Amino acid sequence: MECRVLSIQSHVVRGYVGNKSATFPLQVLGFEVDSINSVQFSNHTGYTRDTSFLETVVDIVQELKRLNPKLVYVCDPVMGDQGSMYVPENILPVYRDKVVAVADILTPNQFEAELLTGRTISTEKDALDVMELLHQMGPDTVVLTSTDLTSPHGDQFLVALGSQKMVRTDGSKSTQKIRIEMPKVDAVFVGTGDLFTAMLLAWNHHHPNDLKSACEKTVSVLHHVIKRTITYANEMAGPGKRPNPAQLELRMVQSKKDIEDPDIVVEATIL
């Protein structure tokens, strides 16, 4: 059975960002990909910045879901990070009131989740409560792709959290909640968020009722791509020098085998 993805993201001429970061790995995993560029840049600089475009996306999703009720819409609400918005503030109400409502899978970072719910996350319980609020707004699957929470393994790990609502074959409902801790890398990459969202869509398709497995494979793909990228970048930069942005472009094609069948190097904990 053919699986098809409509990818509506930014397009950057250089490097793997937006649609360039999503299309190749999805194709490697057997998906036919149609791309619509929300914006086009020579360098990475934010994403959808116009309310009318977002509202058009909502209309498209609603029409496609009318034609195909099984359609899955994954939304990465790219609005900001680390306490700062990098899109106009009038984008927030459209995401909160319209876009999230039609999403099946939502992948905000901590700051974006706080913006969407009006709640502050200081503890893991806060994060779980925020994800429950986001469920109530529409999506069955919510993944906080990064948080400021402290990992039990120390400050060298980044904590992500996920929650998935499921309906069992007997009609009863259940929720799977997970925590996943990823080793931090002392470098700045662009395109990793786009890659994360694309891989979560793909692996959720293969593991529709197992968020733990879908996230483990997603994060493991990122781990392998980033590890290969930083190794290459350090070699190009030379001893004692920090790699430049061009050297840190994701080594996507070189990671084809890891995308197809990732060695699981990061395990999630069921909460």
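Throughout, read-outs are computed from the coordinates displayed, never taken from laboratory work. Being a predicted model, the structure only gives us computed values, none of them experimental. Using ideal geometry, Cβ is built from the backbone for each residue, glycine included, and neighbour counts are taken over all protein chains shown.
Scanning the chain for DSSP H helices at least 27 Å long along the axis (C-alpha atoms) with a Kyte-Doolittle mean no lower than -0.5 picks out 211-237. If the segment from K227 to K184 were pulled out straight at 0.36 nm per residue, it would be longer than the present Cα-Cα gap by 14.4 nm. Taking every alpha-carbon pair in the stretch 3-270 and binning the separations at 5 Å intervals from zero gives 1, 6, 13, 17, 20, 19, 14, 7, 3, 1, 0, 0, 0 percent. The modelled label-to-label distance between L64 and R168, using points 7 Å beyond Cα along the C-beta direction, is 3.3 nm. Between V33, V167, V142, the Gaussian network model of the chain with springs among Cα atoms under 10 angstrom shows the greatest mean-square fluctuation at V167.
Go ahead and run the numbers for FRET between H205 and Y86, Cβ-Cβ distance against an R0 of 22 Å, rounding to 0.05. Write out the running numbers ahead of the final one.
Details: r = 30 Å, r/R0 = 1.36.
So, using R0 = 22 Å, E works out to roughly 0.15.
The length gained by stretching the chain between T175 and D140 to full extension, at 0.36 nm per residue less their Cα-Cα distance, is 11.7 nm. Debye-formula intensities of the stretch 146-199, expressed as log10 I(q)/I(0) at q = 0.20, 0.25, 0.31 Å⁻¹, are -0.85, -1.05, -1.20 (one equal scatterer per alpha-carbon, no solvent). With the cut-off at 1.5 for a/c, could you classify the stretch 195-263 from its C-alpha gyration tensor as rounded, prolate or oblate? Judged from the Cα gyration tensor, the stretch 195-263 comes out prolate (a/c at least 1.5, a/b above b/c). Compute the distance from the alpha-carbon center of the stretch 235-250 to that of the stretch 106-177, in whole Å. Rounded to whole Å, the Cα centres lie 34 Å apart. Across the options Q62, L250, P239, the greatest Cα extent toward the positive end of the charge dipole of the chain (unit charges at beta carbon of Lys, Arg, Asp, Glu) belongs to P239.
Once amide H atoms are placed 1.01 Å from N in the peptide plane, what residues at a sequence separation of 5 or more from A268, or on another chain, have their amide H within under 5 Å of its amide H? Amide H neighbours of A268, under 5 Å, 5+ apart: none.
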